[in-house]
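The values are calculated or read from the model by the stated rules, or taken from the named source; none is laboratory data. Computed from a predicted structure; not experimentally measured. Ideal geometry is used to build each Cβ from the backbone, glycine not excepted, and the neighbour counts take in all protein chains shown.
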Amino acid sequence: MIKNIKKLIFITIFFLAYSFTSFADNSHFIDFKKVLNSSTAGAGAQKSLKTKFDSESKKFNKLEVEIKKEESEIISQKKALSPEEYKKKVESLRKRVANLQKNKQDSFNKISKSRNDAKQALLKAVNPIVKKYMEDNKIRIVLNKQSVILGDATLEITDEIIKILNKEFPSLKAN
């Protein structure tokens with residue numbers, strides 16, 4: 001009985017070792033983050049979105065400065081204004097601040113959504129490229145580099161995928 005268990009364990013270990021070796025020979029990894037950031041389409045989309053973000057930030061910063069200036073003016077006029085008129089101006093200013101904050105949040109959420117949409121579009125374009133690369137090079141599995149603890153650098157296919165992506169998908173429109 002113990003001999004049979006030892007044989008079973010040996011066969012299982014041998015089978016697993018063989019399977020793992022076979023699996024390791026046909027597996028590669030890709031750094032999707034690098035593909036998204038370094039490809040022509042990904043870098044272009046990021047640049048476009050950064051420009052939009054910077055523009056919106058400047059616009060909202062300018063409006064915030066104007067509101068702070070108006071707040072100072074209202075505070076300086078407090079003694080000259082009637083309590084009702086002062087209260088009216090303060091309430092108006094509060095509404096403007098709330099409106100500014102809402103518009104700022106909406107604007108940045110829209111940019112964030114555009115960034116996410118661009119990322120998804122790029123990943124959608126990468127998948128068939130990786131699939132074809134796998135078929136052409138008889139690769140059985142491609143893992144995300146973030147999931148790989150340690151791996152031979154020769155198994156990384158990121159740069160090859162970026163070259164193919166740059167040829168087949170040179171630009172990406174980021175709204």
The residue that is farthest from the chain's Cα centre (by Cα), considering only those in the range 41-65 that are among the hydrophobic types (A, V, I, L, M, F, W, C) and farther than 13 Å from residue 119 by Cα, is 65
Q) Do we have residue 78 as outside any helix (DSSP H, G or I) and surrounded by 11 or more Cβ atoms within 10 Å (Cβ to Cβ) here? A) yes
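Results for (1) at pLDDT 90 or above; (2) under 30 Å from residue 155 (Cα atoms), shown as yes or no for each residue.
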{"position": "12", "(1), (2)": "no, yes"}
{"position": "16", "(1), (2)": "no, yes"}
{"position": "53", "(1), (2)": "yes, no"}
{"position": "77", "(1), (2)": "no, no"}
Conditions (1) under 21 Å from residue 45 (Cβ atoms); (2) loosely packed, with under 12 Cβ neighbours inside 10 Å -> residue 126 fails only (2)
Among 136, 106, 117, 159, the single one that is within 30 Å of residue 45 (Cα to Cα), surrounded by 15 or more Cβ atoms within 10 Å (Cβ to Cβ), among the acidic types (Asp, Glu) and modelled with pLDDT of 90 or more is 117
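Can you pull out every residue in the range 153-163 that is over 16 Å from residue 33 (Cα atoms) and among the aliphatic types (A, V, I, L, M)?
Of the residues in the range 153-163, the ones over 16 Å from residue 33 (Cα atoms) are 153-155.
Result: 153, 155.
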Of the residues in the range 106-127, those that are farther than 14 Å from residue 35 by Cα and free of Cβ contacts under 8 Å to residues at least 24 places away in the same chain number 6
Pairing a residue in the range 60-79 that is farther than 16 Å from residue 91 by Cα with any residue that is among the small types (Gly, Ala, Ser) and part of a helix (DSSP H, G or I), where Cβ atoms lie under 9 Å and the two sit 6 or more apart in sequence or on different chains, gives 60/107
